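Student: To start, I am sharing the structure in question, which I have written as structure tokens.
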Amino acid sequence: MRRDYRDWLRSQGYDEGTINTQLSRVARLEAYYGELDGHYDRDHLGSLIEQMAYSVEDQRRSRPNPSKLPFVGNIRNNLASYKSAVLLYRRFRGSGTVVPSPPAPSQPSTAPPLLAVSESWPPRQTEPKSLVPRVGPQTLVDFTLDGRSALEAVIASSQYRTVAQAIASLSLFSHPQTVHQTGGKAIFPAIRNRRRVGQIDEHEGRRVLLDDNQSPTEAFLWANGLNRRGRDTQFNHVYDISLDADAYTALPNICMTPAFIAKLTDTNEQVCRLLRYRSYHLYQWVPSGHIPPERPEEYEALEWAAPLPPVEDVRSMLINAMASKPKNRTVRAARELGWLFG
């Protein structure tokens, strides 16, 4: 790997987390295949890229890993990540540029900030944001009261390095075989209306349950054979279309994340793009009236968590779960309104 690769990645606008991930993947590839530059000189990395190919059909037939790289987990997703790393390195070599290393930045003061009475509150935020090193753990004041910056800093110091990789690793989706049995349709006829939770009313010509997030959560849990949600987890909609009864409890539109990053699924546009494409990649599903999303540039470079294990008989799984909860709000509404399988 050429020494100026890091600088070239910086010049392309990649953040430090993504850069470190790409360098790590190239280093791992070279540990098993030798220097990438030798492969580039021989065939522009063509034969190496071919070894990273693993199709949906290969996955369906559980074919073995065709590469020399050992993996634990989903072969197709892992190989896609390393194929993306090879393609990016080929783009670097083909650019023909050598980017000089930038001068070392001057070291900022490590003294904790002092707030004089005359200073404005909260502290004025400068652009671009900078996280100033300090003695001891940083406080929210150091992040100018910006919780998003604090979260990004915590993630940057973790194994995930970037918000995008944290989302990829910590988001759980239903298995495509499970979703296939539902046809991608809503399991229960429900929409969001927090002011009238539990009531039944007509919406766009059909009777539906007015609900909070309970019916989508239960659709996901029951269909996947889960009897509890886990501590500090949240169930999120991939598309924010809470008045669409055909999508509100549809499995392709629901994912599970830790609560600490769940807000990003609503407010962070990069995260929303990634989750929408993840759903499309897994299920080829989009809500009515939407077009298939474009693949985000960083998608293949991320290591995505495997979906939950497939459920053999989703209908029976749901019926059994509902039978044990006769007084449950979702179950009572399903008895009155009908549901996907009854």
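Student: Among the numbered criteria (1) under 21 Å from Glu297 (Cβ atoms); (2) surrounded by fewer than 16 Cβ atoms within 10 Å (Cβ to Cβ); (3) at pLDDT 90 or above, which one does Glu16 miss?
Tutor: Status for Glu16: all satisfied but (3).
Student: If you check His237, His203, which single one turns out to be in contact with a helix residue (DSSP H, G or I) (Cβ under 9 Å, 6 or more places away or on another chain), farther than 30 Å from Leu87 by Cβ and not basic (Lys, Arg)? Spell out how you get there, then give the answer.
Tutor: On the way: His203 fails: in contact with a helix residue (DSSP H, G or I) (Cβ under 9 Å, 6 or more places away or on another chain).
Exactly one of His237, His203 is in contact with a helix residue (DSSP H, G or I) (Cβ under 9 Å, 6 or more places away or on another chain), farther than 30 Å from Leu87 by Cβ and not basic (Lys, Arg), namely His237.
Student: While we're on this one: Would you confirm whether or not the range 197-215 contains a residue that is surrounded by 22 or more Cβ atoms within 10 Å (Cβ to Cβ) and touching a Leu at 6+ places or on another chain (Cβ under 6 Å)?
Tutor: Checked against the condition, which is being surrounded by 22 or more Cβ atoms within 10 Å (Cβ to Cβ) and touching a Leu at 6+ places or on another chain (Cβ under 6 Å), the range 197-215 yields no hits at all.
Student: Check off (1) part of a loop (DSSP other than H, G, I, E, B); (2) out of contact with any Gly (no Cβ under 8 Å at 6 or more places or on another chain) for Trp285 and give me the number that stays unchecked.
Tutor: Only one criterion is unmet by Trp285, namely (2).
Student: Given the options Leu275, Leu308, name the one that is touching a residue at least 40 places away in the same chain (Cβ under 8 Å) and surrounded by fewer than 18 Cβ atoms within 10 Å (Cβ to Cβ).
Tutor: None of the others qualify; the one that does is Leu308.
Student: Looking only at the range 194-232, which residues are in a loop (DSSP other than H, G, I, E, B) and within 27 Å of the chain's Cα centre (by Cα)?
Tutor: Asp212, Asn213, Asn224, Gly225, Leu226, Asn227, Arg228, Arg229, Gly230, Arg231, Asp232
Student: For Ala306, only one of the following conditions fails: (1) in contact with a Phe, Trp or Tyr (Cβ under 8 Å, 6 or more places away or on another chain); (2) under 30 Å from Leu274 (Cβ atoms); (3) of a type outside the set (D, E, K, R). What is its number?
Tutor: (1)
Student: Moving to a separate point now. Return yes when Asp201 is over 20 Å from Leu170 (Cα atoms) and in contact (Cβ under 8 Å) with a residue 60 or more places away in the chain and no when it is not.
Tutor: no
Student: What do you reckon, is Arg91 assigned to a helix (DSSP H, G or I), free of Cβ contacts under 8 Å to residues at least 12 places away in the same chain, surrounded by fewer than 18 Cβ atoms within 10 Å (Cβ to Cβ) and outside the structural domain of Leu308 (by TED's automatic domain parsing)?
Tutor: Working: assigned to a helix (DSSP H, G or I): yes; free of Cβ contacts under 8 Å to residues at least 12 places away in the same chain: yes; surrounded by fewer than 18 Cβ atoms within 10 Å (Cβ to Cβ): yes; outside the structural domain of Leu308 (by TED's automatic domain parsing): yes.
It is true that Arg91 is assigned to a helix (DSSP H, G or I), free of Cβ contacts under 8 Å to residues at least 12 places away in the same chain, surrounded by fewer than 18 Cβ atoms within 10 Å (Cβ to Cβ) and outside the structural domain of Leu308 (by TED's automatic domain parsing).
Student: If we scan the range 248-258, do we find a residue that is free of Cβ contacts under 8 Å to residues at least 12 places away in the same chain, assigned to a loop (DSSP other than H, G, I, E, B), under 30 Å from Trp339 (Cα atoms) and β-branched (Val, Ile, Thr)?
Tutor: no
Student: Right, another one. So if I check each of Thr249, Thr257, which one is over 22 Å from Tyr54 (Cβ atoms), polar (S, T, N, Q), surrounded by 18 or more Cβ atoms within 10 Å (Cβ to Cβ) and within 14 Å of the chain's Cα centre (by Cα)?
Tutor: Going through Thr249, Thr257 in turn, the sole match is Thr257.
Student: Report whether or not Ser171 is in contact with a strand residue (DSSP E or B) (Cβ under 8 Å, 6 or more places away or on another chain), among the hydroxyl-bearing types (Ser, Thr, Tyr) and buried (at least 18 other Cβ atoms within 10 Å of the Cβ).
Tutor: yes
Student: With the condition kept exactly as written, say whether any residue in the range 313-324 is surrounded by fewer than 16 Cβ atoms within 10 Å (Cβ to Cβ), among the charged types (D, E, K, R) and either at pLDDT below 95 or closer than 24 Å to Val163 by Cβ (or both).
Tutor: No, every residue in the range 313-324 fails to be surrounded by fewer than 16 Cβ atoms within 10 Å (Cβ to Cβ), among the charged types (D, E, K, R) and either at pLDDT below 95 or closer than 24 Å to Val163 by Cβ (or both).
Student: Report, ordered by the first and then the second residue, all pairs with beta carbons closer than 6 Å, sequence separation of six or more or different chains, a first member in the range 50-67 that is at pLDDT 85 or above and aromatic (Phe, Trp, Tyr), and a second member that is surrounded by 13 or more Cβ atoms within 10 Å (Cβ to Cβ) and assigned to a helix (DSSP H, G or I).
Tutor: Pairs found: Tyr54/Ile75; Tyr54/Arg76; Tyr54/Leu79.
The values are calculated or read from the model by the stated rules, or taken from the named source; none is laboratory data. For clarity, every value in this text was computed on a predicted model and none was experimentally measured. Here the Cβ is made from the backbone with ideal geometry for all residues, glycine too, and neighbour counts use every protein chain on show.
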